[in-house]
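The values are calculated or read from the model by the stated rules, or taken from the named source; none is laboratory data. Just so it is clear, the structure is predicted and the values come from calculations on it, not from any experiment. Note that we place each Cβ from the backbone using ideal geometry, even for glycine, and neighbour counts take in every protein chain shown. These area figures cover heavy atoms from the full protein model, side chains too; ligands, DNA and RNA do not enter into them. Shrake-Rupley method; radii C 1.70, N 1.55, O 1.52, S 1.80 Å.
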Amino acid sequence: LDGTVSSRLLAYYERRAKGGAGMIIVENTAIHPQGVNYPGTLEIHDPRYEPGLASLAQAIKSQGAASAIQLFHPGRQIHPKYRGNFPIAPSAIPCPVMGGSPKELSPEEISGLVRCFVDGAVRAKEVGFDAVEIHAAHGYLAAQFLSPFANHRQDRYGGDPGRRARFVKEIIQGMREKVGDSFPIILRISAEEKVPGGLTIEQTREMLPLVQEGVTALHISAGCYPSMEWVVQPYLQPRGCLLDLARAVREVTDLPILTVGRINAPHLANLIIEEGAADFVSIGRALIADPDFPNKTREGKFSQIRPCIGCNVCI
């Protein structure tokens, strides 16, 4: 629980890679010591985490998968009991779920957090990861800046779509300057937040051209903590429930698209690729149910796949 890679976590990711996934995106990893939002959160902001992260990247790649790592800060979606941390946000608006009174970030503090994201990408590349993913979805800090639901600023970091996008844009620009042109940077966004006053797909389509320069691929999700049924979709949600969002984003960008959302059957995953709705299919809980899902699909052993039913007991 100290932010390092445990032997259990190492074995978990190595097993998923062994099951045939093309790329493993390691879970949300804190770019700042005050970005830890639950016990066991991975951390990347200090050299002492490098040995474990290097072992993790190597373990994934040793099984034939590419290795990526997701960089994040929870912002206002944090519980203060963990390490005495406190919520921060673009505006002093509490999270409807987590509560608390977030501190509104100053421009200087924002610049410091941009550097933390950039430093995390540099460290990820140095320890052997093949890509990084900026977590700007699900109501976390980067998403809070993008969203009129959380960002009521009237300075250069808020007030209109271009200014709300500045934080994410500065992260991408800073990363690109430090890691070079060939290192992949994935941007994960909630294309719709599914809350009153939150990002809509129309707003996302308008904003994307402002932030996509320097991005390698877009990972399209939905929701935030008040709309958790769209973040981790239960069995009442239909399979492929976010596909319409991926299709809508595809219409306004030439970047490769990753799609997610109850994609728990081989025929559905194949259909998504065949019809061109997305370029990559992202699978999470279905690999908890059966880590061999990709290999069994490749071998045509469909009846042997243990299906994820969306019960969310794993969550």
* Scan segment 152-175 residue by residue and report those that are part of a loop (DSSP other than H, G, I, E, B) and open to solvent by 10 Å² or more (accessible area, probe 1.4 Å). => 152, 153, 154, 155, 156, 159, 160
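Taking into account only those residues within segment 286-305 that are in contact with a Gly (Cβ under 7 Å, 6 or more places away or on another chain) and open to solvent by 30 Å² or more (accessible area, probe 1.4 Å), which is nearest to residue 64 (Cα to Cα)?
For segment 286-305, the residue satisfying everything is 295.
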* Meets criteria (in contact with a Lys or Arg (Cβ under 7 Å, 6 or more places away or on another chain), over 25 Å from residue 64 (Cβ atoms) and part of a loop (DSSP other than H, G, I, E, B)) for residue 241 -> yes
* **Residues satisfying the stated conditions in segment 19-49, i.e. within 15 Å of residue 1 (Cβ to Cβ), of a type outside the set (A, V, I, L, M, F, W, C) and open to solvent by less than 20 Å² (accessible area, probe 1.4 Å)** => 29, 37, 41, 43, 49
* To do: For segment 99-112, state whether one or more residues are in contact with a Cys (Cβ under 9 Å, 6 or more places away or on another chain), closer than 30 Å to residue 150 by Cβ and not in a strand (DSSP E or B).
  => yes
* If you take the residues of segment 198-256 that are among the polar types (S, T, N, Q), more than 28 Å from residue 266 (Cα to Cα) and within 19 Å of the chain's Cα centre (by Cα), which of them is surrounded by the fewest Cβ atoms within 10 Å (Cβ to Cβ)? -> 200
* For the subset of segment 92-137 comprising residues that are under 21 Å from residue 195 (Cβ atoms) and out of contact with any Pro (no Cβ under 8 Å at 6 or more places or on another chain), which member is modelled with the lowest pLDDT? -> 99
* Could you tell me which numbered condition residue 195 fails, if it satisfies all but one of (1) aliphatic (A, V, I, L, M); (2) in a loop (DSSP other than H, G, I, E, B); (3) surrounded by 24 or more Cβ atoms within 10 Å (Cβ to Cβ)? => (3)
* Does at least one position in segment 220-236 carry a residue that is over 22 Å from residue 71 (Cβ atoms), touching a Phe, Trp or Tyr at 6+ places or on another chain (Cβ under 8 Å), in a helix (DSSP H, G or I) and not small (Gly, Ala, Ser)? -> no
* Residues (in contact (Cβ under 8 Å) with a residue 40 or more places away in the chain and open to solvent by less than 30 Å² (accessible area, probe 1.4 Å)) located in segment 263-283 -> 264, 265, 278, 282
* Please tell me if residue 57 is open to solvent by less than 60 Å² (accessible area, probe 1.4 Å) and either more than 18 Å from residue 141 (Cα to Cα) or in contact (Cβ under 8 Å) with a residue 12 or more places away in the chain (or both). => yes
